[in-house]
Structure formats: structure tokens, C-alpha cells
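The structure under discussion appears below in the form of C-alpha cells.
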Amino acid sequence: MGRQSQKILTSFKEIESGDSLDVYSAKEPPFVSKPYRKPNIEGYVVASKNVTIMNSIYDIVYIDKGLKDGLQPGDC
């Protein structure tokens with residue numbers, strides 16, 4: 001397979017030499033109707049999308065809880 005020449009038009013974070021690139025494809029978020037659920041479940045952040053000292057609103061983090069623990073898509 002040959003390499004295709006493509007231009008980067010938009011970037012949502014830094015791109016460094018040697019980074020792997022892929023074609024962007026939009027994903028639809030799951031539809032969640034109001035009122036939003038706020039289950040009282042304690043857990044731990046086990047990873048984050050961006051490595052930073054602190055995470056805040058709109059950051060993506062991964063926790064050690066899921067459907068088996070009673071969480072549903074869209075929970076706050």
C-alpha cells in the first residue's frame with residue numbers, strides 16, 4: 001500500500017514528529033434525556049486521556065466503575 005499525501009486542516013492537540021495519524025471520523029455522543037442521573041458511587045480515576053497534573057471539567061478520565069456497578073451512559 002502506498003502512502004497518500006494529505007493535509008492536516010485542524011488539530012485538537014499538539015502533533016509531534018513521529019506521531020501516528022488517522023482519518024478523523026465524528027462520533028455521536030449517546031443520547032441522554034434530562035434529568036441527568038447522579039448516582040452515589042465512589043471510585044478511582046485510573047487513567048486520563050491527557051497526562052496532566054490535575055484534571056477538571058470537560059477532561060476525559062477513566063474510572064474503575066461501570067455498568068456492573070450501576071453506572072449508565074451520561075451519568076454525572
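Computed from the coordinates by the stated procedures, all read-outs in this text should not be read as laboratory data. The structure displayed is predicted, hence computed values, not measured ones.
For the reader, a short list of remarks on this structure follows.
- Shape of the chain, Cα gyration tensor, a/c cut at 1.5: prolate
- Lysine pair count for the chain with Cα-Cα distance under 23 Å and sequence separation of 8 or more or different chains is 12.
- Sequentially through region 36-51, phi angles give Karplus couplings (6.51, -1.76, 1.60; θ = phi - 60°) of 6, 7, 10, x, 8, 10, 9, x, 10, 6, 9, 6, 9, 5, 10, 6 Hz, Gly and Pro residues having no value and appearing as x.
- Under 5 Å, built H, 5+ apart or other chain: amide partners of Ser48: Tyr62
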